[in-house]
Amino acid sequence: MSGESSRETSEFVRLTVINPDAGKLYDVLTAAEYTAVDPDGIVTYCREGLVRAIEYKDNGEPLFDEDGIYWLRRIRDLRAEMHLEGPILRVVLDLMQEVERLRQELRRG
């Protein structure tokens, strides 16, 4: 050895998985917490029709169900991993939603 000390390091990542409850509605801040998507981004995605709000509060804030949380996570992942934006993101999301619809149709037989 040349006088250098060998030191082993370990890194741990804490991962918290939050699964939304069926039938419950989530405001923008809660959706942001569950999806790691910026609240302003969530409002923009909703306004642009990339994700659908189930209903709106009196102040106009969108509310999302578990399906909305699912699609916000998909948007986050597509933007981060594939660097998709704008019209291309919309096309990919439309195709993913069509695949989901067809899968459900096949399950029903």
Among the residues of the stretch 75-87, which ones are surrounded by 10 or more Cβ atoms within 10 Å (Cβ to Cβ) and within 17 Å of Arg47 (Cα to Cα)?
Ile75, Arg76, Glu85
What about Val37, is it farther than 19 Å from Gln97 by Cα, touching a helix residue (DSSP H, G or I) at 6+ places or on another chain (Cβ under 7 Å), part of a loop (DSSP other than H, G, I, E, B) and modelled with pLDDT of 95 or more?
yes
Working only within the stretch 21-66, note down all residues that are out of contact with any strand residue (DSSP E or B) (no Cβ under 9 Å at 6 or more places or on another chain), small (Gly, Ala, Ser) and within 27 Å of Ile88 (Cα to Cα).
Ala32, Ala36, Gly41, Gly49
By residue number, the members of the stretch 51-62 that are surrounded by fewer than 18 Cβ atoms within 10 Å (Cβ to Cβ) and not aromatic (Phe, Trp, Tyr) are Arg52, Ile54, Glu55, Lys57, Asp58, Asn59, Gly60, Glu61
Pairs where the first residue, in the stretch 89-109, is under 14 Å from Trp71 (Cα atoms) and the second is at pLDDT below 95 and exposed (fewer than 11 other Cβ atoms within 10 Å of the Cβ), C-beta under 9 Å, 6+ apart:
Arg90/Gly49
Of all residues in the stretch 40-71, count the ones that are touching a residue at least 12 places away in the same chain (Cβ under 8 Å), assigned to a helix (DSSP H, G or I) and of a type in the set (Gly, Ala, Ser).
1
Looking at (1) part of a loop (DSSP other than H, G, I, E, B); (2) without any contact (Cβ under 8 Å) to a residue 24 or more places away in the chain; (3) in contact with a Gly (Cβ under 9 Å, 6 or more places away or on another chain), can you tell me which one Leu84 breaks?
(3)
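The values are calculated or read from the model by the stated rules, or taken from the named source; none is laboratory data. Only a predicted model underlies this, so the values are computations on that prediction, with no experimental measurement involved. Note: ideal-geometry Cβ built from the backbone for every residue, glycine included; neighbour counts use all protein chains shown.
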